[in-house]
């Protein structure tokens, strides 16, 4: 017996997660007595989407089905999907039509030298994230805000791994920890939709699924998130909470990685806290920089033991 198509399996799990969130009254149906399942029944979903119960069940089970765009649109309408979720559903549905998953570029992600130089001249926190949320590079202001990511081994420099590395520390440092976790998990879901068997995604999700019940709960929601823009609160002991807006910018000629840039409203209290944090960070790092210990000519962060202050990743946000 052949293995389930990876995209068809992901499509079925996504539909099941969305179906179980709906209640009959959400879609104008009568509850109909005692119900054995959470959310809508499969036959109710099939009725709303205008397909047979058997066909819908085969889609959820990841069996050999190739839903048309009309069927996908009907499912999206029946589930009341938002724009991001709708795009996610269509991406999975289109991929599931292919007998064999299309080849995906798995070349190592790299940050162009020009982007590294740009990071160093931006006077506001900024860093580069890979498609699976690996932290590829950052500037001194990001280090001031987050703590020094360079104190972690390269294979642990991943926003999800760092966020769940010590949940108690993460919760203390993040006023909106669960929303932040859902954002990153949603971004990972979107990445998985483009390549469900990518080794990096498999390793990260597999590790966190084994050691974190909280991750398993949030991952099972099948939320999707496109990294575009948002607002994040950072809890920084030296200056207090800082609320920043963030935007993402794809790297030129390098699909996958994006640069996140955090900014504060000019003249406001958050801009003043950010300015103060920059001064504190500069005063601490200046002697090492002069001696050439902290950063070399390349501008890449040093590697060393974790600092005694807040941990990298404990206040990360998107």
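A short reminder: the numbers here are calculations on the coordinates, not readings from a lab. Note that the structure is a prediction, hence the values are computed from the model and not measured. Every residue, glycine among them, receives a Cβ derived from its backbone with ideal geometry; neighbour counts consider all protein chains shown.
Between the range 124-162 and the range 253-282, the C-alpha centres lie 14 angstrom from each other. Each peptide in 190-196, 77-83 gets a packing score, the mean of other Cβ atoms within 10 Å over its residues, and the list from highest to lowest is 190-196, 77-83. Stokes-Einstein diffusion for the range 6-96 at 20 °C, viscosity 1.002 mPa s, with a Kirkwood radius from C-alpha pairs, works out to 164 µm²/s.
Annotation for residue 220 and residue 123: the two label points, set 7 Å from Cα along the Cα-Cβ direction, are 5.0 nm apart.
Three principal axis extents describe the C-alpha atoms of the range 113-291; from largest down they are 44, 37, 32 Å. For the range 43-159, the convex hull spanned by the alpha carbon atoms encloses 172 Å³ per residue. Ordering of 139-148, 227-236 by packing is 139-148, 227-236, highest average first (other Cβ atoms within 10 Å, averaged per residue). Entry for the range 199-281 at q = 0.22, 0.26 Å⁻¹: log10 I(q)/I(0) = -1.02, -1.12, Debye formula applied to identical alpha-carbon scatterers, no solvent contribution.
Using a simple spin-label model with pseudo-atoms 7 Å out from Cα toward Cβ, residue 113 and residue 70 lie 5.6 nm apart. Take the Cα of residue 245, step 7 Å toward its Cβ, do the same at residue 61, and the gap between the two points is 5.1 nm.
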